[in-house]
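Values in this text are rule-based calculations from the coordinates and carry no lab data. In this text the structure is predicted, and so the values were computed from the model without any measurement. Please note: Cβ atoms are built from the backbone with ideal geometry, for glycine as well, and neighbour counts cover all protein chains shown.
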Amino acid sequence: MQIDKAEIIAVLRSRGLWERADWVDRTLPLVIDTAKNGSLLRMLHIDPARMSAMSGAKQDS
């Protein structure tokens with residue numbers, strides 16, 4: 001599964017984690033592979049399943 005970097009940045013900023021969001025923006029590619037970056041996503045407390053559900057809800061709108 002892949003997640004758009006902008007979605008992760010938005011989640012981190014909504015949590016008030018501005019520096020981490022900036023780091024993600026500088027470091028990671030535009031599309032993040034959840035299999036390759038699973039440990040990083042866990043460290044950031046990002047649930048890929050929840051992110052994909054949010055993406056699907058946006059696409060249905």
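Numerical summary
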| item | result |
| --- | --- |
| Every residue from the stretch 16-32 that is of a type outside the set (Val, Ile, Thr) and either free of Cβ contacts under 8 Å to residues at least 12 places away in the same chain or surrounded by 12 or more Cβ atoms within 10 Å (Cβ to Cβ) (or both) | Gly16, Leu17, Trp18, Glu19, Arg20, Ala21, Asp22, Trp23, Asp25, Arg26, Leu28 |
| Pair list, Cβ under 6 Å, 6 or more apart: the stretch 1-15 residue within 15 Å of Thr27 (Cβ to Cβ), other residue of a type in the set (A, V, I, L, M) and not in a helix (DSSP H, G or I) | Ile3/Ile32; Lys5/Leu28; Lys5/Leu30; Lys5/Ile32; Ile8/Ile46 |
| Members of the stretch 34-51 found to be of a type in the set (D, E, K, R) and outside any helix (DSSP H, G or I), listed by number | Lys36, Asp47 |
